[in-house]
1. Only Lys, Arg, Asp and Glu count, each charged at its Cβ (+1, +1, -1, -1), so figure out the dipole size of the range 114-204 about its Cα centre, rounded to 20 debye.
2. For the chain, what is the calculated [θ] at 222 nm in deg cm²/dmol (nearest 500), taking -39500 (n - 2.57) for each run of four or more DSSP H residues and dividing by its residue count?
3. With the contact rule set at Cα under 8 Å and sequence spacing of 6 or more, what percent relative contact order holds for the chain?
4. Using DSSP to call loops (not H, G, I, E or B), can you name the trypsin sites (Lys or Arg not before Pro) in the range 1-103 whose Cβ has at most 16 other Cβ atoms within 10 angstrom?
5. Please report Asp56, Asp128, Asp20 as a ranked list, fewest other C-beta atoms within 10 angstrom at the top and most at the bottom.
6. What is the fewest-to-most order of Met104, Met62 by other Cβ atoms lying within 10 Å of their Cβ?
7. For each of Cys174, Cys118, Cys142, count neighbouring Cβ atoms within 10 Å of the residue's Cβ, then give the residues from fewest to most.
8. Report the local net charge at Gln14: Lys and Arg +1, Asp and Glu -1, summed over other residues whose C-beta lies under 11 Å from its C-beta.
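Each value in this text was obtained by applying a stated rule to the coordinates, not by laboratory testing. Please read all numbers here as calculations on a predicted model, not as lab measurements. Neighbour counts run over all protein chains shown; Cβ positions are idealised from the backbone, glycine included.
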Amino acid sequence: MQDNLLETSMLSLQLLFSLDAELWDIIGVSFRVSITAILIATLPAILVGFFLAMVDFKGRWMVIALFNALMAVPTVVVGLTLYLLLSRSGPLGDLHLLFTQPAMIIGQVALAFPLLVCMSHSAFQSIDKRAWETARTLGANCFFAVTTIMKEARFALLAAVLAGFGRIISEVGCSMMIGGNIMSYTRNIPTAIALETSKGMFAQGIALGLVLLILALLLNFTLASIRGKGRLV
């Protein structure tokens, strides 16, 4: 058994470093979809977090509680909801988005958005609200005032973006349900790992798992570095 494990591990490294076309195609799909999703979600989510932190309005706590609740929704539930909306019999069926990369991007935006809102809200809350009020009182336009506050919270906001990216690139439930795991189109790293291990073909699954492990380490080291810099600034 140990010999088989060693042989499978060596084969997985060979696949990874020999630039196996099928393996790297899966990696490319995963990064392309997740990077697009995080780019779409980041700015709107940060602006919502800013609004919730700086503006008092009736029912604000309910909105914050809603985003906190959405952050805890399982990915498979998000996938099921989008599947029902995008299927042929669903209200958005005429768009023909089911089992496409745009559908996966929509799903990952839906997963990242509440997390980004909650983390950016916490980042802005740590900043004295009087800084915003003072900037507006001194005549600064809204755009300049917002960018000034965002600059003050830049380390925490970047940490939120990295955390959001880490969440969506490793999720499997939503991508499987609305992406369909189609080779060379919607098969990403997590869905490929699930498929290959279910077939008993562990080499590719281990290779892709190593990619996610390396990514997780890089994100964590980056987050630790950002927190350290944030304390020094």
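1. Numbers: 8 positive and 5 negative charges, 20 e Å.
Computed charge dipole of the range 114-204: roughly 100 debye.
2. Working: 11 runs with 183 residues, N = 233.
Rounded to the nearest 500, it is -26000 deg cm²/dmol.
3. Numbers: 275 pairs, mean separation 70.7, N = 233.
30 percent.
4. Numbers: sites: Arg32, Lys58, Arg60, Arg88; in loops: Lys58, Arg88.
Filter output for the range 1-103: Lys58, Arg88.
5. Details: Asp56 7, Asp128 10, Asp20 16.
Fewest-to-most ranking of Asp56, Asp128, Asp20: Asp56, Asp128, Asp20.
6. Numbers: Met104 32, Met62 8.
Lowest to highest Cβ neighbour count: Met62, Met104.
7. Values: Cys174 28, Cys118 20, Cys142 9.
Neighbour counts put them in this order, fewest first: Cys142, Cys118, Cys174.
8. Working: positive: none; negative: Glu7, Asp20.
Here the count lands on -2.
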